[in-house]
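Quick notes on the structure that follows.
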Amino acid sequence: MSMPQAAERTHLALGFVPLLDAALPIVAREGGFFAAEGLEVTLSRESAWSTLRDKLAAGLLDGAQLLAPLPLAMSLGASGPACDTLAPLVLGRHGNTLVLSAYWSEGMAAPLDDSPGGHDPAVNARDFAERLRRRGTTRPRLAMVHPFSSHHYQLRDWLTLGGLDPDRDVELVALPPSRMVEALEQGRIDGFCVGEPWGSQAAHRGGGRIVATGAQLWPDHPEKVLGVTRDWAERHPATLQAMIRALIAAAGWLAESPEHRRQARDWLTLPPYLDRAMDHLPTLPLGEAPVDQRLTGLRPAADELAPVVEHLARQLGEPLERAAVEACYSPVHVDTATHQERA
Amino acid sequence: MTPSPPLRILLVDDESVRAAMVEEALGQEGHEVICHLQSPASLNDMVERHAPDVVIIDMESPDRDTLDSMSQLHRQNPRPVVFFADQHDPESMQAALKAGVSAYVVDGLVPTRVRAILEVAVARFDAFQSMRQELDRTRNQLAERKRIEKAKGLLMKHQNCDEPQAYQTLRKLAMDRGQRIGEVAGNVIDILEGLEKGL
């Protein structure tokens, strides 16, 4: 076993969007896991995925929490200027919810309860399609967070399960996660697919109902990843490994006990992080149905991205090269980082 | 050479002063600026209604993802907006990013025209930034001057001296400690007010 090299850079700026799966970088900072690796990390809250992407590509951020499809979309030049980007670590699995307004969801089964259709996302999807045909109103407007997101793809998959055409039967728009609940309550959108805590917040406040979850549609899917540019990774290999070790340590600590998860929830509630968005969370059991947000299983694997690759190829109108996908979601960085002893 | 036709520009910016600066500058270049101070309720509808050639938006705006999606979705939209990413001109991209300007333009718009608009917006965003820094500095100076006046008043009262003497005392303290006179004034106020409360 080799000893790790000293980090090339000790002061890092990492970007995040206020969501429950920003938990690992926040825990790594507040719990001292970055510090234990000799890293001083500033977490920079960003209000849009495109801003996170552009700042990362321009080198204004060292790394960022990214939507899992985004590093590949960036590498292919499909989102913003082409920028070779890597996803060396998964930051969370599951956590997405599909919420419909009270008007569209009345009487529908909860995603994972024992009522008919509770475990099959197609039942609510067909129900929605049937209501749409019967009501014959203007196309419902459904929101997701970004064109290159699992939210967009899962929403399309769910509509397809119901026999609907996502391009013709509904209108898809992108909204920032923090604006979803309000837009739904004001009737500007009819439903959305978003990461936690926003779906459960909409349900908690009564503006809508969770009718399907990402965990149902894509079991175990990697939802967010750590993103770094290839250029940055090549210039800072030891820093990247230290960062990965710190995040893995944070995940291990979090999994250890309910007290640790409660402590993490308190950190997430701090104003620089999720702030008021967390107000309803004490009512929610973390890591359980229906949301089942998982902050473990951080080693990336290209095969797990299969649904993302399929949707991305459809968006670009051409098949993707397997090598590009494997290079982007390679587990080599995790393996290198975890096979070295701590300094 | 015939002058280029004016462009329709949608400006989305919460900073009203900055928005006014950009609007005026672009208006002087002969462009038609539709200005929106608050994030519009539905940016999608707004872009469809006004069919702008260019959207200039604060990089920190949460509405950026909405604009990002409009080039990917809505194939029925007659005026798709695509992210301006001139890879042949990394310097102007960097300048725009640093100033906090992001721009979306319709496909096919001549790059030189986009660049000219972007330069105007970047210059105004930068100018606004310096203006705000200047304002902060002035505010700090004003606060410091008030602090010095107050410290002088307290010294005059407690040491039974006149104003020039009080000022000399502050200056000497500052020189001895290698601090700015404003900082020393703060300390003096704390100590003398503490004394007064204790009395």
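Of note:
- Drop in accessible area of at least 20 Å² in the complex versus isolated chain, residues of region A:164-186, 1.4 Å probe: A:D167, A:E171, A:L172, A:V173, A:A174, A:P176, A:R179
- Modelled spin labels at B:Q94 and B:D45, positioned 7 Å past Cα toward Cβ, are 4.2 nm from each other.
- Candidate cross-link partners of A:K224 among the lysines, defined by an alpha-carbon separation under 21 Å and a same-chain spacing of 8 or more, comprise A:K55.
- Antiparallel %, DSSP beta bridges [both residues in region A:96-217], to 5: 60
- Whole-angstrom gap from region A:132-202 to region B:137-199, using each part's C-alpha centre: 62
- Qualifying trypsin sites (Lys or Arg not before Pro) in region A:160-230, DSSP loop, other Cβ atoms within 10 Å at most 13: A:R168
- For the protein assembly as shown, the per residue solvent-accessible surface stands at 44 Å², with DNA, RNA and ligands left out and a 1.4 Å probe.
- Here the accessible area of region B:139-198 is 50 percent carbon and sulfur, with a 1.4 angstrom probe and all protein chains present.
- Taking the charge dipole of chain B about its Cα centre, with +1 at Lys and Arg Cβ atoms and -1 at Asp and Glu Cβ atoms, the residue from B:L173, B:V47, B:S130 reaching farthest to the positive side is B:L173.
- Spatially proximal lysines relative to B:K197 (Cα-Cα < 25 Å; intrachain offsets below 8 disregarded): B:K146, B:K150, B:K152, B:K157
- Two-site FRET efficiency, A:R322 against A:D169, from Cβ-Cβ distance with R₀ of 35 Å, rounded to 0.05: 0.60
- A Förster radius of 41 Å combined with the Cβ-Cβ distance from B:S4 to A:R235 puts the calculated FRET efficiency at roughly 0.45.
- Loop-located chymotrypsin sites (Phe, Trp or Tyr not before Pro) in region A:148-218 (DSSP state other than H, G, I, E, B) with a sparse environment of at most 10 neighbouring Cβ atoms within 10 Å are absent.
- Spin-label model, B:E144 to A:H11: label points 7 Å out along the Cα-to-beta-carbon direction sit 2.3 nm apart.
- Just the protein heavy atoms count here, and of the accessible area of chain A at 1.4 Å, carbon and sulfur take up 50 percent.
- At R0 = 51 Å, FRET efficiency that the Cβ-Cβ distance of B:Q159 and B:M131 yields, to 0.05: 0.75
- For region A:96-217, the dipole from Cβ point charges (+1 on Lys and Arg, -1 on Asp and Glu) about the Cα centre works out to 360 debye, to the nearest 20.
- DSSP beta bridge pairing in the protein assembly as shown, given as percent antiparallel to the nearest 5: 55
- With a simple spin-label model that places each label point 7 Å from the Cα along the Cα-to-Cβ direction, the separation between B:R180 and A:D113 comes to 6.2 nm.
- Pairwise burial B:A, computed as accessible area of each alone minus the pair, summed, 1.4 Å, Å²: 2300
The values are calculated or read from the model by the stated rules, or taken from the named source; none is laboratory data. Keep in mind the model is a prediction, meaning the values are calculated, not measured. FYI the Cβ positions are ideal-geometry reconstructions off the backbone, even for glycines, and counts take in every protein chain you see. Heavy atoms of the whole protein, side chains included, go into the accessibility calculation; ligands, DNA and RNA do not. Shrake-Rupley method; radii C 1.70, N 1.55, O 1.52, S 1.80 Å.
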